[in-house]
Structures are given as C-alpha cells and as structure tokens.
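What follows is one structure encoded as structure tokens, with my remarks underneath.
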Amino acid sequence: MTRDTDPVARSVLSEQVKDRILQWILEGELQPGSRIVETRVARELGVSQAPVREALRDLATLGVVEMQPYKGARVRQPNKPELIESMELRGELEAIAARHAAKKITPELLEELQELIAEMHELAEAGDAHGHALNNTAVHSLIVRAAGNMTLERLWSMLDPYAHTYVTAAAPGTDLIWLGDRHVAIVEALQAGDPERAA
C-alpha cells in the first residue's frame, strides 16, 4: 500500500514546494536572475531534494525558472513581449471559459466565487499580496473549471502561474482592493447567465 501512496504524497509535496518558491519570487525574496539551490531550498523547507527538483522542473516548464546544465536553476526574467503574449492568450482562454461557465455554473460555485472575492478584499486590506494572488488564481481557476472543458483547463493552467506571478511581482504598489473588486462584475454576469458579458 505504501508503494501506491508515496508518489501521490511526493506530488502533493512538490506542489507545496512550487507554491513556496513562487511566493519567494512574488515577494521579491528571489529576484529575476537569482540562483535557486536545491539543497538550500530542501533544507529550508525540511524536505528531501526530490520534491524540490520536481517543483523546479514544473516551474521551468511554465517558464518561471530556467534550468542550466551544471549550473542549476535560476529565476527567469521574462521580457515585455512574452508577458503581453501570455496575458493575451490567457485572456482569450478565460473569455471562452466564461462563455461556457455562464451557461452551466451552479449556485454552489457562484457562492464559492463570492466567498473568494470577499477573502481577496480582506487580504488586500491586510496587504497580503501573495494570498491575494492565490485567491485571484482560485477565482479564475473556478471559472475555467465551471466551463467543463478539460482541454481548455489544461492549456490555461500552463499559462496562469507564469502570468499572475510575474505581473504581480512586476507591479509593486498595485491597488489590490481595486484588483479584487474587478471580479465582482464577472460573477454578476455569470449569475445572470450572460455569456458575452462574462467573457
């Protein structure tokens, strides 16, 4: 039985490690170009190197980290055109998701969205940019999931962490309350079952 559950546990652990590294990037503890030392991260988080290695591989796939032979991992510095491309693609995917979600979203998911937005407001008032970014992602993730399109969800998940981490990190002083409140209109459009307004 242990043999079956270990990979799952390791996968969950690597997700937690990935989120922590993203947090360090978001909060400026790891600047673009900074080296990420596997052994140091493992020691700091109290884990083995395996989940750290998996997390770094995932982050490299997302374009957040670059892996160099014999040199290890570094925080990648995206250029402006890349960020614009990423946001443009993400916007198109989310518009498609919102159109579909408006036709099939449940009252339970709408309530969950409203709770997430309320939490974003609290996090904004507390100045918690990382928590706010995670809730922001959770709102968009929920809408994408509500669309019921697995291909769309898979493509979106490849773009999102890259976009939200760097855009938030690149814009210190962003009004988090304003950013959170922008989601209210989306939820209202979903509630009204209006695909084009939601998009």
query = In the full protein assembly as shown, how much of M158 is accessible to a 1.4 Å probe, in Å² to the nearest 10?
reply = 110 Å²
inquiry  = Using a probe radius of 1.4 Å on heavy atoms only, what accessible surface per residue do you get for the chain? Whole Å² is fine.
reply    = 57 Å²
request  = For the range 59-155, calculate the relative contact order in percent as a whole number, restricting contacts to Cα pairs under 8 Å that are 6 or more residues apart.
outcome  = 28 percent
query = By its C-alpha gyration tensor, with a ≥ b ≥ c as the square roots of the eigenvalues, how is the range 17-94 shaped: rounded for a/c under 1.5, else prolate for a/b larger than b/c, else oblate?
reply = prolate
query = Any idea of D128's accessible area? Nearest 10 Å², probe 1.4 Å.
reply = 60 Å²
request  = Of all alpha-carbon pairs in the range 1-131, indicate the percentage at a distance above 20 angstrom.
outcome  = 62 percent
task = Rank W156, W178, W24 by mean-square fluctuation in a GNM of the chain with C-alpha springs under 10 angstrom and give only the top-ranked residue.
result = W178
Nearest 10 degrees, 0 to 90: helix 2-26 Cα axis against the chain principal axis = 80 degrees
query = Between L45 and K80, what length in nm is gained on full extension when 0.36 nm per residue of separation is reduced by their alpha carbon distance?
reply = 9.4 nm
Per-residue ³J(HN,Hα) for the range 107-123, Karplus 6.51 cos²θ - 1.76 cosθ + 1.60, θ = phi - 60°, Hz, x for Gly and Pro = x, 5, 5, 4, 5, 4, 4, 5, 5, 4, 5, 4, 5, 4, 4, 5, 5
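The values are calculated or read from the model by the stated rules, or taken from the named source; none is laboratory data. Note that the structure is a prediction, hence the values are computed from the model and not measured. In case anyone asks, the SASA skips ligands and DNA or RNA and just uses the protein heavy atoms, side chains included. Shrake-Rupley method; radii C 1.70, N 1.55, O 1.52, S 1.80 Å.
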